[in-house]
1. How far apart, in nanometres, would the label points at Asn141 and Leu84 be if each is projected 7 angstrom from Cα along the Cα-to-Cβ direction?
2. Amide H neighbours of Tyr122 under 5 Å, counting only residues 5+ apart in sequence or on other chains, H built in-plane at 1.01 Å?
3. What is the extension gain from Val15 to Met44, computed as 0.36 nm multiplied by their sequence separation minus the C-alpha to C-alpha distance, in nm to one decimal?
4. Once you charge only the Cβ atoms, +1 for Lys and Arg and -1 for Asp and Glu, what is the size of the charge dipole of the chain about its Cα centre, to the nearest 20 debye?
5. How much length is gained on full extension from Arg131 to Trp72, taking 0.36 nm per residue of separation minus their Cα-Cα distance?
6. Karplus couplings for the range 87-97 from phi (6.51 cos²θ - 1.76 cosθ + 1.60, θ = phi - 60°), rounded to Hz, Gly and Pro as x?
7. Roll a 1.4 Å probe over the protein heavy atoms and report the accessible area of Met97 in Å², nearest 10.
8. Can you tell me which of Ala81, Ala96, Ala25 moves the most in a GNM of the chain? Springs connect C-alpha atoms under 10 Å apart.
Amino acid sequence: MEANADPLSVVTIPVPMAIDPEGAAVTVTHDAPNGLPLGISTIMWTATDTSGNNVTFGQTVNVVDTTPPVLWVPPNKEVSAHWLWGTACSVDIGEAMAEDIFNPIVINNPWDESACYLRGTYTVLWTATDRNGNRAFATQNVKVK
């Protein structure tokens with residue numbers, strides 16, 4: 001099952017069917033909490049008929065995070081180079097934002113805001129990574145004219 005919250009995911013667990021061979025009503029219960037952590041959990045199910053006869057069995061549920069963060073990058077940018085040196089220095093390209101239930105970290109590569117850049121177009125690769133290793137990528141172009 002896909003994680004939907006941190007630290008515990010609320011999952012809907014289908015109730016198994018239980019039938020009493022004598023036709024008595026059967027009640028099915030389980031010991032699962034409202035939320036499950038990432039990883040493998042075992043849920044114990046008990047089916048009990050109206051006579052008090054019961055059977056218990058275990059079900060393994062694996063909660064995983066395979067969803068990459070959602071990443072928004074700043075718009076492409078054009079800056080003017082200094083007329084004398086032909087470079088643009090200390091260019092602020094903006095901030096990217098990412099959203100994910102597992103607090104993503106956003107980096108850009110190889111942009112260095114303290115560096116000077118010659119005329120041309122540079123592609124900045126933004127990466128958002130959540131703590132489970134899921135990644136999202138987007139690019140932004142910076143043109144020095």
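1. Going by the 7 Å Cα→Cβ label model, 3.1 nm.
2. Close amide H contacts, sequence-distant or interchain: Val142, Lys143, Val144.
3. 9.3 nm is the gain from fully extending Val15 to Met44.
4. Result for the chain is approximately 880 debye, rounded to the nearest 20.
5. Residue separation times 0.36 nm, minus the Cα-Cα distance, leaves 19.4 nm.
6. 10, 10, 10, 6, 7, 7, 9, x, 10, 8, 10
7. 120
8. Highest fluctuation of the listed residues: Ala25.
The values are calculated or read from the model by the stated rules, or taken from the named source; none is laboratory data. Since this is a predicted model, take the numbers as computed values, not measurements. Quick reminder, even Gly has a Cβ in these numbers, built from the backbone with ideal geometry, and neighbours come from all protein chains shown. We work out accessible area using only protein heavy atoms, side chains counted, and drop any ligands, DNA or RNA first. Shrake-Rupley method; radii C 1.70, N 1.55, O 1.52, S 1.80 Å.
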